[in-house]
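Novice: Questions regarding the structure given below will be posed in turn.
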Amino acid sequence: MRNVIFGILVVFFALLSCRSDEDSIQRIDQTLNLYMRNSAGVDLLNPKKSGAYTSIVMNDFNGLQDIAPVNFALRATADSTLYIEYVDGARRVIANPSDSISPQDRTYESRIRVDLRTASDTISDVLRIQYHWTPSVFEISRVFYNNEPVFTKQPGVPNVVRILK
C-alpha cells in the first residue's frame with residue numbers, strides 16, 4: 001500500500017513540475033547586423049571591391065586583457081552584399097551605475113574597437129551597443145558608431161545598422 005501511495009506522489013510531483021509558465025521565459029534579441037557602404041554605394045566589407053576594407057578586427061574595450069578579440073561573422077545577403085553579424089562576445093557593463101538601483105530594468109553597454117584595414121591604412125572606429133534588460137526581455141536598445149547614434153530599437157524590427165563612410 002505504501003508503494004502505491006509513494007508511486008502516486010511521484011507521478012503527481014512529476015506532472016506538477018512539467019507545467020509551463022510562459023511568464024518566466026525571457027526573450028533575447030542581441031544579434032546585430034552591420035552594413036558599411038561609401039557614398040558611391042560600394043560595399044566596403046567586400047575585399048574584392050575596389051576601395052573596400054581588406055580585413056576587419058574587433059576588440060573589446062571592456063575586456064579582461066588589452067587585446068580582447070570579439071567574435072563576429074561576415075555574412076552575405078542574397079544579392080552578395082556583405083555585413084558583419086555580431087551576436088555577443090564583448091563584456092557588458094552597467095551603462096549607468098544608478099540603473100543598478102532598479103533590479104527589474106537595467107541598461108548594459110559594450111564598447112568595441114573596430115579596426116578596418118585597407119591596402120594602405122588602418123581606420124579605428126568605436127562601436128557602442130546598449131542593451132535593455134528586464135526579466136522578460138534582453139535586447140539591443142541603441143547603437144552608436146563613433147559616438148553618433150545609428151540605431152534605436154523598434155519593436156519587431158531586426159537590429160540592422162547601415163554605416164555610410
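Novice: Got a sec to turn the phi values of the stretch 104-111 into Karplus ³J(HN,Hα) couplings, 6.51 cos²θ - 1.76 cosθ + 1.60 with θ = phi - 60°, whole Hz, x for Gly and Pro?
Specialist: Each residue's phi maps through the Karplus curve to give 9, 7, 9, 10, 10, 9, 10, 10 Hz.
Novice: Something else about it: Can you work out the FRET efficiency for the pair residue 73 and residue 39, with r the C-beta to C-beta distance and R0 = 30 Å, to the nearest 0.05?
Specialist: Using R0 = 30 Å, I get an efficiency of 0.70.
Novice: How do 115-127, 27-39 rank on mean C-beta neighbours within 10 Å, highest first?
Specialist: 27-39, 115-127
Novice: If packing is taken as the mean number of other Cβ atoms within 10 Å per residue, what is the order of 75-84, 45-54, highest first?
Specialist: So the peptides 75-84, 45-54, ranked by packing, come out 45-54, 75-84.
Novice: With θ set to phi - 60°, apply the Karplus curve 6.51 cos²θ - 1.76 cosθ + 1.60 along the stretch 69-81 and write out the HN-Hα couplings as whole Hz, x wherever there is a Gly or Pro.
Specialist: Using θ = phi - 60°, the values come out as x, 10, 6, 8, 10, 8, 10, 10, 7, 4, 8, 6, 7 Hz.
Novice: Same structure, new question: In debye to the nearest 20, how big a dipole does the stretch 25-164 give about its Cα centre with +1 on each Lys and Arg Cβ and -1 on each Asp and Glu Cβ?
Specialist: The calculated dipole for the stretch 25-164 is roughly 160 debye.
Novice: While we're on this one: Given a cut-off of under 8 Å on Cα pairs at least six residues apart, what relative contact order in percent is computed for the stretch 24-152?
Specialist: Relative contact order comes out at 24 percent.
Novice: Please list the radius of gyration and Dmax for the stretch 25-164, considering alpha-carbon atoms only, with Å as the unit.
Specialist: My reading of the Cα-based Rg and Dmax gives 15.9, 51 Å.
Novice: Something else: How many angstrom lie between the Cα centre of the stretch 51-100 and the Cα centre of the stretch 101-165?
Specialist: Measuring centre to centre over Cα atoms gives 9 Å.
FYI, it's all coordinate maths here, none of it is from the lab. For clarity, every value in this text was computed on a predicted model and none was experimentally measured. Quick reminder, even Gly has a Cβ in these numbers, built from the backbone with ideal geometry, and neighbours come from all protein chains shown.
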